[in-house]
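Down below is the structure, laid out as structure tokens.
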Amino acid sequence: MNTKEIVDKLHELDQSSSELEIQESDRAALIKLVTDYSNEFIAGLNDRNVFFERRPGSLEIGGNKKTMSELLDIYRKEVAETGINAASGKHLGYIPGGGIFAAALADFIAAFTNPYAGVYYASPGAAGIENEVIRWLKKIFSFPESSVGNLTSGGSVSALIAFTAARDKYQVKNESVRKSVVYITEQAHHSARKALRIIGLEDVIIRYVPMDDHHRMKTGELDELVQRDKTAGLNPFLVIGSAGTTDTGAVDPLDGIADIAGKHNLWFHADAAYGGFFILTSKRELFMGIERADSIIVDPHKGMFIPYGVGAVLIRDKASVLYSHQYAANYMQDAAAEELIQSPSNLSPELTKHFRGLRVWLPLQIHGIEPFISCLEEKLLLVKYFRNRLGELGFRLGPEPDLSVSYFWYPFETDQDEKNRQLMKEIHADGDVFLSSSVIDGRFVIRIAILAFRTKKASIDRALEMIKRCLEKIR
Ligand SMILES: *Cc1c(COP(=O)(O)O)cnc(C)c1O
């Protein structure tokens, strides 16, 4: 091609490629459509069902171009009205979160400015915001200044980073894998075992430490198990304590676990993905000892009600994280390490990353921390209120939870499991409020997990009304 041909071709291509730069006047109209939809969506949350047992229709890409109005219609019907509405205060299943609006605005800003948050040099400001959120988290958990951290997509990836650091610090590889031992309880989240499999530790020995009546790890038993394994010539290296279990809302005795981890030189990982932010509440003392952990994971997309896609990991020993994620780190001087840890990409499998720091930083700057703490205190009280009222209706309750997850069942005279399973089905078919189920100590139970920021007393009253209504159908 000669220069003239190139220029002509560029001119022709420009007609089409420039469509990606939406013009200012059109942008305003598009933003208005989206804003209107957000208002309609949020205003309708209480009236709309929270659960739809419907599969989406066509979501196909291709064919005719569509307008934003048409796309919002598709979204309304095929996304917002299928499955669980996780933005609703009536979402009381699994671990709810919410999706505060300030974080949505932060995502919008992060997306159109698109700074490169993975590398300090590329965007000192964006990496700086990521690092400031980590610094703030370290302060909450009284973790040392010298520790490091990373904002991840969620608890599962946080665990991956933490366990990889543990693996590398303890040199668990090749022939030593089968002799190495990890200690957890039956209530530990399944993502922990999944992370071990992914990082090549599928064949480690997993010891399930017995629990007390409140589903908390018995530290005396942990001590004995580790002792026995050491005597047998095995290599105990990792203990996972839960700061808030998903099924039972229990906090393991973290202080006791820290003692035993210290005594036997184990890596102590605290899974605070769900429960971590309750350290800011009246439940603070339950978290004693978490500051002695080697790694902590905590999910802002749960206990800070940020939209899905932001977790965090904190790790005491910076060298072990750099070893796995920064190739040159182990023979770098400290001064260089200080520079390395300014870049999130040196502490994570991700190089290019979503600028997630902004969706945590901006809401904290807009609201301050108080409303977040009030929200968490409110959830703790709501679970007590729910349990009191449910007891009055004749339900059996699991033990008093440490945090905001609990479970219950109805003592039907015959076929108890089967009838509670039917009750769960009725609740899902009803769809006004969403609850989920589990099997605990061999019994089918219905779970309530209160964490969404929009869950209020009125939502719990509606849950109780719905449960009564569904129970009538079975009795
Ligand atoms: C949710 C959760 C995880 C997993 O986190 P994701 O953000 O879903 O990947 C791990 N542990 C606990 C206790 C959890 O509640």
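The values are calculated or read from the model by the stated rules, or taken from the named source; none is laboratory data. As the structure is a computational prediction, the values presented were derived from the model and not from experiment. Note that each Cβ is placed from the backbone with ideal geometry, even for glycine, and that neighbours are counted across all protein chains shown. Just the protein is used for accessible areas: all its heavy atoms, side chains included, with ligands, DNA and RNA removed. Shrake-Rupley method; radii C 1.70, N 1.55, O 1.52, S 1.80 Å.
Numbers at a glance
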{"quantity": "Qualifying positions in region 2-52 - open to solvent by 70 Å² or more (accessible area, probe 1.4 Å), under 30 Å from residue 459 (Cα atoms) and in a loop (DSSP other than H, G, I, E, B)", "calculated": "46, 47"}
{"quantity": "The one condition in (1) open to solvent by less than 20 Å² (accessible area, probe 1.4 Å); (2) at pLDDT below 95 that residue 119 fails to fulfil", "calculated": "(1)"}
{"quantity": "Answer residue from region 137-159, given it is more than 16 Å from the ligand (Cβ to nearest atom) and surrounded by 15 or more Cβ atoms within 10 Å (Cβ to Cβ) and is farthest from residue 294 (Cα to Cα) among those", "calculated": "140"}
{"quantity": "Only listed residue being farther than 16 Å from residue 163 by Cβ, within 15 Å of the ligand (Cβ to nearest atom), touching a residue at least 40 places away in the same chain (Cβ under 8 Å) and of a type outside the set (Ser, Thr, Tyr), chosen from 252, 259", "calculated": "252"}
{"quantity": "Those residues of region 235-249 which are of a type in the set (A, V, I, L, M, F, W, C) and either in the same structural domain as residue 442 (by TED's automatic domain parsing) or within 11 Å of the ligand (Cβ to nearest atom) (or both), in sequence order", "calculated": "240, 243"}
{"quantity": "Residue in region 362-371 that is at pLDDT 95 or above, open to solvent by less than 60 Å² (accessible area, probe 1.4 Å), within 30 Å of residue 123 (Cα to Cα) and not in a helix (DSSP H, G or I) present", "calculated": "yes"}
{"quantity": "So residue 378, is it of a type outside the set (A, V, I, L, M, F, W, C) and open to solvent by 60 Å² or more (accessible area, probe 1.4 Å)", "calculated": "no"}
{"quantity": "Verdict on residue 231 being farther than 19 Å from residue 302 by Cβ and hydroxyl-bearing (Ser, Thr, Tyr)", "calculated": "yes"}
{"quantity": "Residue in region 53-80 that is nearest to the ligand (Cβ to nearest atom), counting only those that are open to solvent by less than 60 Å² (accessible area, probe 1.4 Å) and farther than 30 Å from residue 361 by Cβ", "calculated": "78"}
